[in-house]
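Notes for the one structure printed next.
The values are calculated or read from the model by the stated rules, or taken from the named source; none is laboratory data. Predicted, not measured: the structure shown is a model, and the values here were computed from it. FYI the Cβ positions are ideal-geometry reconstructions off the backbone, even for glycines, and counts take in every protein chain you see. For accessibility, only protein heavy atoms count, side chains too; no ligands or nucleic acids. Shrake-Rupley method; radii C 1.70, N 1.55, O 1.52, S 1.80 Å.
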Amino acid sequence: RLGANEATELELFKNATIGGKKIPKGRYTLYCIPTEAKWSIVVNRDNYSWGSFSYKAEKDVARIDVPVQKTGDNVEALTMYFDNNSLIIQWENSKVAVPVAF
């Protein structure tokens, strides 16, 4: 999951398109499968993932592959924020931009 302890949640108050995939309004948990070249961002309906890893693939709503950008910055804490039409996720010297549209 993204983050430590309690899973990172994303609440959408209206339908959205994330990485080209239609996501109905609702509350979701975000997971990440990182590799050197791309991160797979998983939007999942299980909102009760805390502490130990309890990922349930059958509750996936979407998987979005995004390319990794290497930066000159060194971000020590996992950081997420919205910028223009993207969810930006940064950690260490890696950054990904997940397209989001409403």
field: Residue in region 3-23 that is least open to solvent (accessible area, probe 1.4 Å), counting only those that are among the basic types (Lys, Arg) and assigned to a strand (DSSP E or B)
entry: 21
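Yes or no, residue by residue, for (1) of a type outside the set (Gly, Ala, Ser); (2) more than 21 Å from residue 16 (Cα to Cα); (3) out of contact with any strand residue (DSSP E or B) (no Cβ under 9 Å at 6 or more places or on another chain); (4) not in a strand (DSSP E or B):
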| residue | (1), (2), (3), (4) |
| --- | --- |
| 63 | yes, no, no, no |
| 74 | yes, yes, no, no |
| 77 | no, yes, no, no |
| 81 | yes, no, no, no |
| 91 | yes, yes, no, no |
| 94 | no, yes, no, no |
| 99 | yes, no, no, no |
- request: Name every residue in region 64-95 that is hydrophobic (A, V, I, L, M, F, W, C), under 14 Å from residue 8 (Cβ atoms), open to solvent by less than 50 Å² (accessible area, probe 1.4 Å) and in contact (Cβ under 8 Å) with a residue 12 or more places away in the chain, in order of residue number.
  value: 87, 89
